[in-house]
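Some notes on the structure that comes next.
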Amino acid sequence: MKYQLFLLLTLTLISCAHAQTATAQTPPALSSIRQQDIKTDIFDMAGDHFRGREAGTLDEMKIAVWLAEKARAIGLRPGGDDGTYFQFFSMVRNRISAASTISIGNHTFPLWTEALLPQTAPATVDAPILFIDRTDTNRTDIKGKVVALVASPEGLNLQVSLPPRRYMGLVARRYATGLLNKGAVAVIFIADPLAEAGWALNASYADHGTYANDGDPGSTLTERAPVLWLHESALPFVKTPSQNLKANISIEHFLYPSVNVIGIQDGTDPTLKKEYVVFSGHLDHDGVRNIPGPDSIFNGADDNASVNVALMAIARAFHKQPGRRSALFIWHGAEERGLLGSRWYAIHPTVPASSLVAVLNGDMIGRNSPDSAALLGSIPPHRNSSELVAMGLAANQEGPKFLLDTNYDKASHVEGWYFRSDHLPYARAGIPALFFTSLLHPDYHTPRDEPSRIDTEKITRIAQWMYRTGWKLAMSDKRPALDPNFKLER
Ligand SMILES: [Zn+2]
């Protein structure tokens, strides 16, 4: 009898222990993150109605209001300025003025259609053109000249999968810097077929100019020797002896508003609720652009509506069952223009900076194979909190069990992906930070990034993974420590 009672007690204890482990591993409101909600929301957010949500346009304002309404409907309280969901900030835009001129002899080259100038900087040039062969960049008569050469992929060590848009930049890096260092006052590249393939898309970004936060380096520009592109039809002009290139490039400089949208679910613990687990994504994308083809709207379904709708689903879960710490949801503005919203918030947080326990950022979580993903900030030099990484990896094992790519997190990776999303300003500010992503694909930053191409089941599983990680952060007694000596490679 006694033995039987002992056995019974032991078995009960074992099953309780199992139940407790299971409770620790499954956050209570996991089932609130539903694929059907995610599907509905992503088709709304990445539909043509919002015209690609470009930073500094009414379309970005429109999506910000839409998100604020979603946050209100979910039950989050406003976490922005003056009791609203919004934190507005000013963005400086510099753009090449339409009054700028480029000519050789009597021939004028209209900007963007006949001449492409990828850099936004003022310049005045009136100097003779020297046409050289690509292999002849070491000659001694370069100083004071405008050097012209035909672009070629030879000697560039190109990857097979290189998108056409990247080619012009690679050619310029390979040749222009050296020529300018030798005293060239400008460089003209004659476009080859590869450059022509990327011309329209490059022009559609270059004509928009550059953006910066007000007062940042980059918000005011100084003279720079132009590096410009002409079509093959310009070859006779650059080859004719004793012709001058005349370029007068002037810059328009103006302020635009952008906005972060912020909602908070308060925690349950009287002390820990003053600390915040941050869920982060960006609400903007690349808008409507002047490119050939049937579709000019960059809907950014993967980039980054996928994460915006995941954040909404995670917010529903935290609202249903709050954690001990509070959860702060931030949909950043102007990420595509240089991480401007997150850089602004990291300097001007609407709650004390020291109360931000960790940032779980997502960018592009709805593409590529269903069982793969990546967690950037997991390995040095990008890892700034081993304790946070351990939570993220454990959450993956307890939940979706994605096969995690680690190549993109390496300092040597050519894409530098770690440096291209909104966790970065927080990591630089000394806040533990992770970046969840399903990585790049050929439709990245094209009108083909459409909701119909998205794997909403995958978004659901990554949202659940982010939620599981956030739940650990919200419930643990101790917040994750920063690793000592965190130092990024750039
Ligand atoms: Zn993005």
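Going by what's in this entry, would Lys401 be described as within 20 Å of Glu489 (Cβ to Cβ), away from the ligand (no atom under 16 Å from the Cβ), over 17 Å from the mean Cα position of the chain (by Cα) and open to solvent by 20 Å² or more (accessible area, probe 1.4 Å)?
Values: within 20 Å of Glu489 (Cβ to Cβ): no; away from the ligand (no atom under 16 Å from the Cβ): yes; over 17 Å from the mean Cα position of the chain (by Cα): yes; open to solvent by 20 Å² or more (accessible area, probe 1.4 Å): yes.
No; evaluated as a whole, the condition is false for this residue.
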Scanning the stretch 327-349 for residues that are open to solvent by 10 Å² or more (accessible area, probe 1.4 Å), within 16 Å of the ligand (Cβ to nearest atom) and outside any loop (DSSP other than H, G, I, E, B) gives Arg343
When (1) part of a loop (DSSP other than H, G, I, E, B); (2) touching a strand residue (DSSP E or B) at 6+ places or on another chain (Cβ under 6 Å); (3) not hydroxyl-bearing (Ser, Thr, Tyr) are applied to Val187, the one that fails is (1)
Taking the stretch 411-442 and keeping residues away from the ligand (no atom under 15 Å from the Cβ) and either among the hydrophobic types (A, V, I, L, M, F, W, C) or buried (at least 17 other Cβ atoms within 10 Å of the Cβ) (or both) leaves Ala411, Val414, Tyr426, Ala427, Ala429, Ile431, Pro432, Ala433, Leu434
query = Is it the case that Pro294 is more than 16 Å from the ligand (Cβ to nearest atom) and free of Cβ contacts under 8 Å to residues at least 12 places away in the same chain?
reply = yes
When the stretch 60-112 is checked residue by residue, the ones that are over 26 Å from the mean Cα position of the chain (by Cα), in contact (Cβ under 8 Å) with a residue 24 or more places away in the chain and closer than 30 Å to Leu130 by Cβ are Ser97, Ala99, Ser100, Thr101, Ile102, Ser103, Ile104, Gly105, His107, Phe109, Leu111
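Mind counting the residues in the stretch 265-295 that are modelled with pLDDT of 95 or more, surrounded by fewer than 24 Cβ atoms within 10 Å (Cβ to Cβ) and in a loop (DSSP other than H, G, I, E, B)? Before the answer, list the steps.
The initial filter retains those residues of the stretch 265-295 that are modelled with pLDDT of 95 or more, namely 265-288.
Next, from what is left, pick out any that are surrounded by fewer than 24 Cβ atoms within 10 Å (Cβ to Cβ): 266-275, 286-288.
Of the ones still in play, those that are also in a loop (DSSP other than H, G, I, E, B) are 266-271, 275, 286-287.
Residues in the stretch 265-295 being modelled with pLDDT of 95 or more, surrounded by fewer than 24 Cβ atoms within 10 Å (Cβ to Cβ) and in a loop (DSSP other than H, G, I, E, B): 9 in total.
Mind listing just one residue for me: the one in the stretch 309-326 that is touching a helix residue (DSSP H, G or I) at 6+ places or on another chain (Cβ under 6 Å) and within 16 Å of the ligand (Cβ to nearest atom) and, of those, farthest from Thr460 (Cα to Cα)?
We begin by selecting, within the stretch 309-326, every residue touching a helix residue (DSSP H, G or I) at 6+ places or on another chain (Cβ under 6 Å); these are 309-310, 312-317, 319-320, 323-326.
Retained after the next criterion (residues that are within 16 Å of the ligand (Cβ to nearest atom)): 309-310.
Details: Val309: 9, Ala310: 7 Å.
Here the answer is Val309.
May I ask you to say which residue of Gly267, Gly263, Gly281 is within 16 Å of the ligand (Cβ to nearest atom), in the same structural domain as Leu58 (by TED's automatic domain parsing) and more than 30 Å from Ser152 (Cβ to Cβ)? Please lay out each step first, then the result.
Working: Gly267 fails: within 16 Å of the ligand (Cβ to nearest atom); Gly263 fails: within 16 Å of the ligand (Cβ to nearest atom).
It is Gly281.
Consider the stretch 138-157. How many of its residues are part of a loop (DSSP other than H, G, I, E, B) and open to solvent by less than 60 Å² (accessible area, probe 1.4 Å)?
So the answer is 8.
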Per the list (1) over 19 Å from Lys239 (Cα atoms); (2) in a loop (DSSP other than H, G, I, E, B); (3) open to solvent by 20 Å² or more (accessible area, probe 1.4 Å), residue check on Val65 breaks on (2)
Pairing a residue in the stretch 318-330 that is at negative phi with any residue that is open to solvent by 30 Å² or more (accessible area, probe 1.4 Å) and of a type in the set (A, V, I, L, M), where Cβ atoms lie under 9 Å and the two sit 6 or more apart in sequence or on different chains, gives Gly323/Met475; Arg324/Met475; Arg325/Met475
Among the residues of the stretch 43-61, the number that are farther than 22 Å from Tyr256 by Cβ, open to solvent by less than 20 Å² (accessible area, probe 1.4 Å) and among the aromatic types (Phe, Trp, Tyr) is 0
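The values are calculated or read from the model by the stated rules, or taken from the named source; none is laboratory data. This structure is a prediction, so every number in the text was calculated from the model and none was measured. Methodologically, a virtual Cβ is constructed for each residue, glycine included, from the backbone with ideal geometry; neighbour enumeration extends over all protein chains shown. For the accessible areas, the whole protein counts, side chains as well, though only heavy atoms, and no ligand, DNA or RNA atoms are used. Shrake-Rupley method; radii C 1.70, N 1.55, O 1.52, S 1.80 Å.
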